[in-house]
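Visitor: I'd like to ask some things about the structure below.
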Amino acid sequence: MTAALATRGLGKRYGRRWALSGCTLEVPAGHVAGLVGPNGAGKTTLLQLAVGLIEPSAGSIAVLGEEVAATPAQLARVGFVAQDTPLYPSLSVADHLRLGAALNPSWDQALAEARIARLGLDRAQRAGTLSGGQCAQLALTLAIAKRPELLVLDEPVASLDPLARREFLQALMEFTAEHTVSVLLSSHLVADLERVCDYLILLAEGHVQLSGEVDELLASHRRLSGPRRDISRLPSSQQVIEETHTDRQSTLLIRTEEPIIDPAWMVEEVSLEDIVLAHMGRDWTHEPDAVPRVGR
Amino acid sequence: MIWLTWRQFRTQAIATLAALAAFALLIVVTGEHLRHVYDMSDISGCAAHGGCAHPTVSTFGAHERILSALLGPALLIVPLLIGMFWGAPLLARELETGSYRLVWTQSITRTRWLVVKVAIVGLVALAVAGLASWLVSWWYAPLDKLNVNRFDPSVFTERGIVAIGYAGFAFAVGLAAGAILRRTLPAMAATFVSFIAARIIFTFWIRPHLLPAAHAAQQLGAGNAGITGSPQGVSLFATSPTIANAWVYSGTIVDNAGNAPSAGRIHALLDARCPRIASGPGLPPGSGPGKATATPSVLNALFSKCMSSLSHQLHLLVTYQPTSHYWPLQALETGIFLAAALVLIGATVWRVGRRTARKPEPANLASGPQTRQP
């Protein structure tokens, strides 16, 4: 099966600053993949590269096995909801649907109409007067009525209130349940992603820190606590992500594929948020595969 | 795509159409009246014979005078408005508000998106400018028959077809400025400045060299020469000669070999041919003919006699664009501005299609320096 997104050494430079560098990644199709990372981590850059709004400065990127945004047919396969869900303020809701119908050969008018009706949007209302939640829903409608094979969403809920956020993610989940579509969704909040994603990519400081299926990540990470000890004496199969020590006790967050047999440890499962935060806090510069960052 | 272009452009298009209709009404009503006055008065007769002594606009009514001062400049503003309000926002507004992220991710390449928009809005811009220029030229036609030099910069640029070239160019400048600056207001300001600069440069340094000038020899006389006295002696100078409806670059006094004679030679010639003038009785330094102790009529006769006796040795060489060069010059200027517009549009389409060198989103910049979460 072709990967939804595959990158190799992908980098993007703005002036002298690398917003993204050395990004090698493969997201299998059929997943709802969450892209998480702090502000300025390169999430928007990666997603804009994926939808072809910008071109890479280094490396290569393929979306659904094709060159990005090279042809109208490729553009038709990818739906995009941009950050802050831009719309045309002077165009009405109906105008936006007409725009979608005019610019997309695969446009599903029935799907769009049904969504607008269920959201209770006034077709004659101008987009400039819609609430943030309604704008996001309209933008999502435009992106999914295009019937894409890959739906890319850049921080779609970042500016929404909790209720609108919940409704938006609900709508997204309903769509993914009914249609075979891959989703790539970014957020700086793990809690948003935890609810909808089954695949996770962690981006920080322009690099991919972690990527994999959520289930596997949850299964392979454990928190160990026990009497203080030197971490260099741990089995080589256990990779320490985070360590805290007091005089008498050590608490470690480790990644391992093997069962933990040492009886001295108290073993706990960890949440996705803990995993993400632990990986973000790690000093990535000592990773063997890390590419040196060009200074800002 | 045509629908979207129309939907985004229709408010401006309808407003422009309304303004153009009001303008046409004003032009037709006042223009008909102007023609009526023109036909009723004796100006039409003297214009036909070329014998109007001082026919000026003042012969007409007060509101014609005001209109004649306003309509031409109004036409000059049309391309500027097109560039600032149609050209500059076309890309800049999409880039500024971020809506390009919506439209460039639909199933249409951005090159096609831009080409369709530019073609539709651009062609409407050319049509509006052409129509406005045609109306203005028609209005001025009776006045232009009188005494107006059609090559005068303020007349040449306010008639005929050049406005079409200016409109296309201003539109392209606005488009390119929007693509580079990515903000509507700065793009509008840049369009304003660049367009005016381009027009000034063209008027003063390019238009005079577009076509080779014609040359003509004129006999020296009261209309094109004068005599001036100085402590060094009396000398001859050329004044700006007039040729009806021609663009006169210069007039130079030359001898039969075509060379400009030296001051000494002129002095010698004056001594030989016009002794009474050369000896300078009653000609104080700096004065021309007719300002002397002698009566003006006597001096004028003296001057004319002197000029005709000099005509075997000296004449005036006039360099000018003949009236037959008017339409070729109009066509050349229009073509050059339109060609420049096409180059700018082509470069902008190429730049937009290339998708590189985009700055980060404002939202990203606003999020400040990269910080790690705890």
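The numbers here are math on the coordinates, done by the rules we state, and not lab data. These figures come from a predicted structure and were not determined experimentally. Quick reminder, even Gly has a Cβ in these numbers, built from the backbone with ideal geometry, and neighbours come from all protein chains shown.
Visitor: Between B:Ile66 and B:Ala339, take the C-beta separation as r, use R0 = 41 Å, and let me know the FRET efficiency to the nearest 0.05.
Guide: Details: r = 37 Å, r/R0 = 0.90.
The computed FRET efficiency comes out at 0.65.
Visitor: Still on this structure, I have one more. If you bin the C-alpha pair distances of the protein assembly as shown every 20 Å from 0, what whole percents do you get?
Guide: Cα pair-distance distribution for the protein assembly as shown, in percent: 15, 32, 23, 16, 11, 4, 0.
Visitor: Continuing with this model, one more query. Based on the Cα gyration tensor of chain A, what are the three equivalent ellipsoid semi-axes, each the root of five times an eigenvalue, rounded to whole Å and given largest first?
Guide: The answer is 39, 21, 17 Å, longest axis first.
Visitor: Turning to a different aspect of this structure: Antiparallel DSSP bridges in the protein assembly as shown: what percent, to the nearest 5? Write down the numbers at each step before the final one.
Guide: Values: 57 of 74 bridges.
If I count the DSSP bridges inside the protein assembly as shown, around 75 percent turn out antiparallel.
Visitor: Sticking with this one: Could you state the number of Å between the C-alpha centres of the range B:85-104 and the range A:231-266?
Guide: 54 Å
Visitor: Follow-up question, since we're still on this one. Residues with beta-carbon under 12 Å from that of A:Leu75, excluding A:Leu75: net charge, scoring Lys, Arg +1 and Asp, Glu -1? Write out the running numbers ahead of the final one.
Guide: Details: positive: A:Arg77, A:Lys146, B:Arg110, B:Arg112; negative: A:Glu66, A:Glu67, A:Glu149.
So the surrounding residues net to +1.
Visitor: Still on this structure, please answer the following. Grab the other residues whose beta carbon is less than 11 angstrom from that of B:Ile266, score K and R as +1, D and E as -1, and report the net. Mind showing how you got there, number by number?
Guide: Details: positive: B:Arg265, B:Arg273; negative: B:Asp255, B:Asp271.
Computed value for this residue: 0.
Visitor: Looking only at other chains, what is the average number of their beta-carbon atoms within 10 angstrom of each beta-carbon in A:34-40?
Guide: Values: counts 0, 0, 0, 3, 6, 10, 9.
The mean count of partner-chain Cβ atoms within 10 Å per residue comes to 4.
Visitor: To continue, here is another question. Let me check I've understood the local charge: for B:Val248, count other residues with C-beta under 13 angstrom from its C-beta, Lys and Arg +1, Asp and Glu -1. What total comes out?
Guide: Combined, the nearby Lys, Arg, Asp and Glu give 0.
Visitor: Could you work out [θ]222 nm for the protein assembly as shown from helices alone, using -39500 (n - 2.57) per DSSP H run of at least four and dividing by all its residues? Round to the nearest 500 deg cm²/dmol. Walk me through the numbers on the way to the answer.
Guide: Values: 23 runs with 314 residues, N = 670.
The per-residue figure over the protein assembly as shown is -15000 deg cm²/dmol.
Visitor: Pull out the extension gain between B:Leu185 and B:Ala244, defined as 0.36 nm times the separation in residues minus the alpha carbon to alpha carbon distance; nm, one decimal.
Guide: Working: separation 59, 0.36 × 59 = 21.24 nm, distance 4.55 nm.
Computed gain between B:Leu185 and B:Ala244 is 16.7 nm.
Visitor: Evaluate E = 1/(1 + (r/R0)^6) for B:Ile14 and A:Arg195, where r is the Cβ-Cβ distance and R0 equals 35 Å; express this FRET efficiency to the nearest 0.05.
Guide: Numbers: r = 48 Å, r/R0 = 1.36.
With a Förster radius of 35 Å, E is 0.15.
Visitor: Then there's this: Summarise the long-distance tail of P(r) for the range A:216-286 by giving the % of C-alpha pairs beyond 17 Å. Don't skip to the answer; put the middle values down first.
Guide: Values: 975 of 2485 pairs.
Considering the range A:216-286, 39 percent of its Cα-Cα pairs are separated by more than 17 Å.
Visitor: Then there's this: Does the range A:64-151 classify as rounded, prolate or oblate by the C-alpha gyration tensor (a ≥ b ≥ c root eigenvalues; a/c under 1.5 gives rounded; else a/b over b/c gives prolate, otherwise oblate)? The partial results should precede the final answer.
Guide: Numbers: a/c = 2.08, a/b = 1.75, b/c = 1.19.
Prolate, because a/c is 1.5 or more and a/b exceeds b/c.
Visitor: Expressed as a whole number of Å, what is the distance separating the alpha-carbon centroids of the range B:240-276 and the range A:1-60?
Guide: So the two Cα centres are separated by 78 Å.
Visitor: Continuing with this model, one more query. By count of other Cβ within 10 Å, fewest leading, how are A:Glu167, A:Glu178 ordered? Write out the running numbers ahead of the final one.
Guide: On the way: A:Glu167 17, A:Glu178 10.
Ordered from fewest to most neighbouring Cβ atoms within 10 Å, A:Glu167, A:Glu178 come out as A:Glu178, A:Glu167.
Visitor: Taking R0 as 30 Å, what's the FRET efficiency between A:Ala264 and A:Glu213 from their Cβ-Cβ distance, rounded to 0.05?
Guide: Values: r = 31 Å, r/R0 = 1.02.
Efficiency at R0 = 30 Å is approximately 0.50.
Visitor: Another question about this same structure. Could you check what % of the DSSP bridge pairs in chain A are antiparallel, to the nearest 5? Let's see the in-between values first.
Guide: On the way: 38 of 55 bridges.
Close to 70 percent.
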